[in-house]
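Enquirer: This is the structure I have questions about; it appears just below.
The values are calculated or read from the model by the stated rules, or taken from the named source; none is laboratory data. Fair warning: this is a prediction, and the values are worked out from it, not measured in the lab. Note that each Cβ is placed from the backbone with ideal geometry, even for glycine, and that neighbours are counted across all protein chains shown. For the accessible areas, the whole protein counts, side chains as well, though only heavy atoms, and no ligand, DNA or RNA atoms are used. Shrake-Rupley method; radii C 1.70, N 1.55, O 1.52, S 1.80 Å.
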Amino acid sequence: MDSLIGEIQSILMRIDRLPSPKVFSPKELTQDFRIGCIDNAALRFIVPSLANLYAQAPNIRLSIISLHEHFQWALEKGNIDIVIYAPPNLKLRELGKKFHYETLYNTDHVYVVRNTHPLAIKLREGKQLKRSDLKNYRFIAVKYGYSEGKITTDSSGFEEGSNIAIDTPYLLTVPHMLTQCDLIGRLPESSVKELIGNLPLTILPKNLVADPAWTPVFLWHDRTHFDPAHQWFRSVLLRSLEEKRAKKRQESKKSSNLFGEQDAAEGWLEAY
C-alpha cells in the first residue's frame, strides 16, 4: 500500500476533476506549493518568479523546504511538490517513469578564499597555483542532506571527509565563514560574484576545480504532473528564468556594444 500511495493520490485527483470541468484560473488559487531546495537555489530560481507568480495568483502560498536526502520519497508521498537540485551523481534516466524533470543551464564551480589566505597572496604575487596546493588546506562543504550524521557524498567533490572543517546546509553562509579563517569554499560560478558581494574574498583560477559542470534540474512526481495548478506553477517558474536570462543576454550585448563604440570613438580621436 505504501508503494501505491503516490499513484492512488494521482488517480483520486483526476477523479475529483471529472465532475466539474472548470476553466482553470490562477486568481482563484489558494494553494500551498512546497519547494525543496537549498538557500542559493531559492535565490537563483524562485526569487525571479515571484513577481509573475503573485501577479497571476495573489493568494497562493510558497513553502521553501530544506532539501532532504530522501527527496524522491518526499516527492512521491506528497511532502514536497517540486525539487530544485544540482547533484553531481543523480542519474535522471534511472529515476523511473513516474518522475519528470526539466534541466536548466550548466554551472561550473570555483574555489574561493579570503584575501589574506596564503593561496590568494601567492596568486597576487603572480605565482601559478596547482591543484596539489589545495591539499594543504581544509574546506567548507555544503551538504544536501543528512545520513546518520554524516555528510552525503553529493556534497563532496575534491574535498574528502578528513579535509572538511565545516559542513553546512546553507550555501549563503559560506562566503562569510571564509572571511574568518584560512579555509576554502566552493561556490557556483554562475552566482559567485553576487554571493561574495563586497566581502574581502578572492576567486581562485577556475582550472583548479576538476569536477564536471553541474546541471540544476526541476524535478517533480507523476502525482502532480497532470494537475493544472502545478502545471501553471512550473511554467511560471521556468518562463521567469528564461526571461531573466534573456534580459541578462540583452544587457551583456548592450554593454559589449557600448564598449565597442567607446573603443571606436577613442580610435577616431587618436586618428584625429
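Enquirer: When region 76-128 is examined, which residues are found to be in a strand (DSSP E or B) and over 26 Å from Leu241 (Cβ atoms)?
Expert: Across region 76-128, the qualifying residues are Tyr111, Val113, Arg114.
Enquirer: Quick one: which of Thr224, Thr179, Thr202, Thr173 is β-branched (Val, Ile, Thr), within 30 Å of Ile8 (Cα to Cα) and modelled with pLDDT of 90 or more? Steps first, please.
Expert: Working: Thr179 fails: within 30 Å of Ile8 (Cα to Cα); Thr202 fails: within 30 Å of Ile8 (Cα to Cα); Thr173 fails: within 30 Å of Ile8 (Cα to Cα).
Criteria check complete, one pass: Thr224.
Enquirer: Suppose we keep only residues that are of a type in the set (Ser, Thr, Tyr) and surrounded by fewer than 17 Cβ atoms within 10 Å (Cβ to Cβ) within region 108-140. Which one would you say is modelled with the lowest pLDDT?
Expert: Ser132
Enquirer: Looking at this structure, is Lys254 open to solvent by 80 Å² or more (accessible area, probe 1.4 Å), farther than 15 Å from Ile84 by Cβ, at pLDDT below 75 and under 21 Å from the mean Cα position of the chain (by Cα)?
Expert: no
Enquirer: Here's a check for you: in region 176-195, which residue that is over 20 Å from Pro216 (Cβ atoms), assigned to a helix (DSSP H, G or I) and in contact with a strand residue (DSSP E or B) (Cβ under 8 Å, 6 or more places away or on another chain) is most open to solvent (accessible area, probe 1.4 Å)? Reasoning before the result, please.
Expert: Pass one, region 176-195, residues over 20 Å from Pro216 (Cβ atoms): 176-184.
When the remaining residues are screened for being assigned to a helix (DSSP H, G or I), the result is 176-178.
Right, trim to in contact with a strand residue (DSSP E or B) (Cβ under 8 Å, 6 or more places away or on another chain) and you get 177-178.
Details: Met177: 55, Leu178: 0 Å².
So the residue we want is Met177.
Enquirer: Let me ask something additional. Filter region 43-75 down to the residues that are assigned to a helix (DSSP H, G or I) and open to solvent by 20 Å² or more (accessible area, probe 1.4 Å) and list them by number.
Expert: If the condition is that a residue be assigned to a helix (DSSP H, G or I) and open to solvent by 20 Å² or more (accessible area, probe 1.4 Å), then Leu43, Arg44, Val47, Pro48, Leu50, Ala51, Asn52, Tyr54, Ala55, Gln56, Gln72, Trp73 are the ones that fit.
Enquirer: Follow-up question, since we're still on this one. From the residues in region 79-90 that are open to solvent by less than 20 Å² (accessible area, probe 1.4 Å) and more than 16 Å from Gln231 (Cα to Cα), which one is modelled with the lowest pLDDT?
Expert: Pro87
Enquirer: Under 17 Å from the mean Cα position of the chain (by Cα) and open to solvent by less than 20 Å² (accessible area, probe 1.4 Å): which single residue out of Leu219, Leu238 fits that description?
Expert: Just one listed residue meets the conditions, Leu219.
Enquirer: Sort out which residues of region 91-104 are open to solvent by less than 50 Å² (accessible area, probe 1.4 Å) and either acidic (Asp, Glu) or touching a helix residue (DSSP H, G or I) at 6+ places or on another chain (Cβ under 8 Å) (or both), and write them in order of number.
Expert: Within region 91-104, Leu95, Phe99, His100, Leu104 meet the criteria.
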